[in-house]
Amino acid sequence: MWISAPVFLSLIQALAVLGKRVVFNWDVGYVDIDRDGYGSRRAIGVNGALPIPPVTLTVGDTLVLKVHNSLNLTASIHAHGLFQNGTNYMDGAGMVTQCGIPPGDRFTYEYVVEQAGTFWLHGHDHHQNVDGLRTPLVVYDRGKPPVKYDEDILLSFEDWYTETFTERTRATIDPSMPFPPPNRTGFGLINGINGNLTKPIHFQPGRTYRLRLINMSSTRWFQFSLPGHVMHVIEVDGQYTEPLEVDGVDMSPAQRYSVLVTAHATKSFNYRFNATMYASFIPIEPGLSPRVFIGDVVYQEGAPFIQAGSYDDSFRWANDIDLHALDQEPALPVERSMELVIGISLYSTGQHLINFNNITYASPMTPTLYTALSMGTMALDERVYGPQAHAIVLKHNEVIELVIRNSEDVPHSLHLHGHVFQITEYGPTKPSTSTDVTVLPVLKNSGVPVKRDTVDILPSQYVKLRFRADNPGVWILHCHMDIHFVMGMALTFIEAPDVLQKTQKVPSDMFAFCAKQGIKTAGNAAGNQGLNFTGLPPMPTIARKLKFFFPVSHGHGLRPHGVRIVQSEQRQLEYDAAETAKVETNLGAFIEQIKQMAPMVRGIEVMCAETYNDKHPETEYFGALLVRLVKLTPHIMYRIRDEAGSVELLADDISDLVHIDVESRSIDPIAQLARRSAMTLQSLAIQTNGGGDAIGLIEDADGNYAEYPRLRVFKLKQYSRDYSDGKPVFHGAVPFSSLRHLTMDDYPFGDDVVFRGNALMLSSIWT
């Protein structure tokens, strides 16, 4: 039975007076813990333990969260998804709405909780949520919810890493460190414990369960499905929806879903749920990326399990465009529209940072809320908030449309504090004539859009969001992939500062925290009057010349073409004349960096010469390396040519070469790119031709072959130094993980391998 929204809201208002004060005491401190089976590390827990127990309330209750900070850094707590209407200073965003709680100090967050739904609490200072300071927050309806079910089951999902977030941050934004940093596949936790040790879910026949699913990850997506059962989405991000039947949900970091599942009528079989942790920008590594966690759904102990189904074209994932708000609120009429273009650039600081409209976020010296409250009429001037707060002042109750364009090759999970927004449209950022990406369709909501507080924006996609500025305060919009947040992917909405100054007052003990840290609680972003920003660090500028990265997006998100970044240094493994000195290679490190940049790389140009060794002249190493590289980075287009440069192949994958005109072997590369007569090829076959040479055979769609006799550098297998009856043993291609700064001692083919001449030169990467 479904209850109409007006009746439901009336029930909330009538029953709110029955709320209680619910007190939680948190001593936030360091703990040493092994959460993933890879060894103990320092993490952040509460009361000496991890995971932190979930916090449960009922609508109308007053949450009293008493926090003692036992860390050596400031800390704050954000209730993710709660609007904090009238209590902006309780939002917990460090240097946005408060100074952090100093080490050794205490602070009590106290406010009435007026929203029912699935939320979470997490640290919002120094990104401490990544190191463990996070837990579910469930707010139950007071009285009957708008949907009938028998039991709640909570499933929270987290990613976990062997390094602390401080270590990962340094590897990402320290200019002295190579960029991009190494991939970290991470591990998955379910309800705070190792995902491989997930406790069973118990179903009773005929009962209906509400599964509350929370992705508390800092970087990874989670897909959840329960094969053999029908799921209905009834809530996203604390907002009830019309029921939508789906087979699975795909949650970006910080998103939440509630799904209803009715158990089968008998206990004949048990089932399994599937929780897959992944990131589309991380290369596939079997068992590591993605990671698949299987949990038992038990009807009867000892009953046989039905095998999980597989994903196919008929599998129905929950989609924002297909969801509709239960309250039937139509799309808001737009009063002000603004476009936000996501870019990534190399800055004058030597750091690679992310920006909206070329502005990368950095915290001010005075909390932005305190600037809005103390600057009088100047609070309406966006300049007083400093150049890097990226402040946008909104009028009270105006309807805002955000058109957010992600022209980059990585997805983003954007969260807006203080609001939910309607999702009205998705579409491609690139024109339909583009050939280097899969063009996404334009999807528009029909009439009643879904409302949520976190949106998943895919690569090369735009999204349109609408919300009403009805909550005076300072609200940050940021990527909930914390590494992107620390790289500057955020901005602040200054909402009705004139109304804010008349309606809210910050508790005095919050000002005391600032004083202890020497932080001013009034004035502009630098704590000064007017537009005097003396003391505020200068805003970095975008560097004109990019090294080892790619140009920022311009205009409407179209990436400039023809940019090449040359990798000129090249060395090979060899002994000197006395066979004593060993030379390291930078080949492995270079390819490792290419792997890390894979989401942003458009293509790689490879020039190759003959490679051989004295004992096995028929062995060709470059072929195996290239084949391995292509398999690890299948979305990259490869440009391959021989010593003379007379053959050029453009490939998305070894098995799917494209843009090759078989009749034209010696043409200008740029002209080749522009040809419209180029044929689409289905596969590349390799055939040895004695003496170590290989002939590249190109098979077209009709099954015909054409030879490229000068393409002689491919071979799928390599010899090792292990012999049986005097015959070499074949082994697979060299894994890239063993190629980084190798010496002859650890090279897998043994000391009998000597490279001669220019074994391999990676000449450039190109966009």
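Here are some notes:
- Computed log₁₀ I(q)/I(0) - Debye formula, equal Cα scatterers, no solvent, segment 298-376, q 0.26 Å⁻¹: -1.16
- Segment 194-277: projected area of the alpha-carbon convex hull, averaged over directions, in nm²: 5.7 nm²
- Solution diffusion estimate, µm²/s, Stokes-Einstein, segment 100-170, Kirkwood Rh from C-alpha pairs, 25 °C, viscosity 0.890 mPa s: 159 µm²/s
- From the Kirkwood radius over Cα pairs of segment 25-107, Stokes-Einstein at 25 °C and 0.890 mPa s returns a whole-number translational diffusion coefficient of 172 µm²/s.
- Using a Förster distance of 60 Å, the FRET efficiency for Leu288-Thr377 (Cβ separation, nearest 0.05): 0.60
- Taking 7 Å steps out from each Cα toward its Cβ at Thr541 and Asn319 produces label points 4.6 nm apart.
- Mean projected area of the Cα convex hull of segment 166-236, taken over all directions, amounts to 7.2 nm².
- Cβ-Cβ distance of Gln307 and Arg21, R₀ of 45 Å, FRET efficiency by 1/(1 + (r/R0)^6): the value works out to about 0.35.
- Computed FRET value (nearest 0.05) for Val112 with Ala522, which takes r as the C-beta separation and R₀ as 30 Å: 0.60
- By average C-beta atoms within 10 angstrom, highest first, the peptides 379-388, 113-122: 113-122, 379-388
- Kirkwood-type radius of segment 437-476, with distances r between different C-alpha atoms, in Å: 13.1 Å
- Once you reduce segment 29-106 and segment 253-319 to the center of their Cα atoms, the two points are 30 Å from each other.
- Label-zone membership for segment 492-521, site Asp105, 7 angstrom Cα→C-beta point, backbone N under 20 Å: 505-521
- Kirkwood hydrodynamic radius over Cα pairs of segment 63-194, then Stokes diffusion coefficient at 10 °C and 1.306 mPa s, in µm²/s: 93 µm²/s
- As computed over segment 490-543, the Cα convex hull volume per residue (Å³): 142 Å³
- Radius of gyration (Cα atoms) of segment 176-331, expressed as a multiple of 2.2 N^0.38 Å: 1.14.
Readers should treat all values here as calculations from the given coordinates under stated rules, not as data from a laboratory. Since this is a predicted model, take the numbers as computed values, not measurements. Counting neighbours? That spans all protein chains shown, and the Cβs are built from the backbone with ideal geometry, glycine included.
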